Amino acid sequence: AMAMGLIENIQREELNPIEEAAALHRLIEEFGLTHQETAEAVGRSRAAVSNLLRLLTLEPKVKQMLEEGQLEMGHARALLSLDGAAQIRAAEEVAKRGLSVRETEQLVRKLLKPAEKKPAPKVDPDIQRFAEELSEKLGARVQIQHSPKGKGKLVIQYNSLDELDGIIDHIK
């Protein structure tokens, strides 16, 4: 009888996703049901039951936002991939900017992707000085690309053929 009352309560439309997840969790714990048995009892798919139960692992602040309607279940599911403070910050950004579920998924992917920043190549101070001196003498921008093997490339930039003629005259 108690299980039936809980099942009927779950089937009511007014429950928010967190309340529904908590009720499903209670059914599973108190009556030893599997996700599949729970799904059949409440008229949901096993995947829907599993997804609802995963919401219980959200950070408390994010759960509260979901309960208050600041986030929808789709947003919350996307945020599950993030941990702790990152999850809370992302949830607040989603609510503040009114992001769609798709945009939330993109945000989460971006946050999960490690920052792929190449460290700025270390420029040998001597090479830098040579480039500056040559630039000064030629009156044009000069870049020296020097490899660790000792090989390199000298790039002299010019804006017109006249400027190129002037550079060549300086070299002669």
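Coordinate-derived values only; no laboratory data. Being a predicted model, the structure only gives us computed values, none of them experimental.
Can you pull a Stokes-Einstein diffusion coefficient for the range 59-116 at 10 °C (1.306 mPa s), Rh from Kirkwood over Cα pairs, as a whole number of µm²/s? Intermediate results must be reported in sequence, preceding the final value.
Details: Rh = 11.1 Å.
Approximately 143 µm²/s, per Stokes-Einstein.
Per 0.36 nm of contour for each residue apart, how much would the distance between Arg102 and Ser50 grow if the chain were fully extended, relative to their Cα-Cα spacing?
16.6 nm
Tell me the Kirkwood radius of the range 95-172: reciprocal of the mean inverse pair distance over distinct alpha-carbon atoms, in Å. Spell out each step's value before the answer.
Numbers: mean 1/r = 0.0599 Å⁻¹.
After inverting the pairwise mean of 1/r, the radius is 16.7 Å.
Would you calculate, for the chain, the mean residue ellipticity at 222 nm contributed by helices, counting each DSSP H stretch of 4 or more residues as -39,500 (n - 2.57) and dividing by all residues, to the nearest 500? If you can, show how the numbers build up before the last one.
Working: 10 runs with 108 residues, N = 172.
Computed ellipticity for the chain at 222 nm equals -19000 deg cm²/dmol.
Give, in nm to one decimal, the length gained when the segment between Arg129 and Glu29 is fully stretched (0.36 nm per residue of separation minus the Cα-Cα distance). Please list the in-between numbers first.
Numbers: separation 100, 0.36 × 100 = 36.00 nm, distance 7.23 nm.
Separation in residues times 0.36 nm, less the Cα-Cα distance, equals 28.8 nm.
Do the alpha carbons of any pairs in Lys113/Lys149; Lys110/Lys153; Lys113/Lys151; Lys113/Lys153; Lys61/Lys110; Lys110/Lys151 sit beyond 27 Å of each other, and which pairs? Mind showing how you got there, number by number?
Numbers: Lys113/Lys149 33 Å; Lys110/Lys153 36 Å; Lys113/Lys151 35 Å; Lys113/Lys153 34 Å; Lys61/Lys110 22 Å; Lys110/Lys151 38 Å.
Those over the limit are Lys113/Lys149; Lys110/Lys153; Lys113/Lys151; Lys113/Lys153; Lys110/Lys151.
Which of Leu154, Leu99, Leu15 ends up with the largest GNM mean-square fluctuation for the chain, with Cα atoms connected below 10 Å?
Highest fluctuation of the listed residues: Leu154.
Can you pull the semi-axes for the chain, root of five times each eigenvalue of the Cα gyration tensor, sorted largest first, whole Å? Mind showing how you got there, number by number?
Numbers: eigenvalues 884, 51, 31 Å².
After diagonalising the Cα gyration tensor, the semi-axes are 66, 16, 13 Å.
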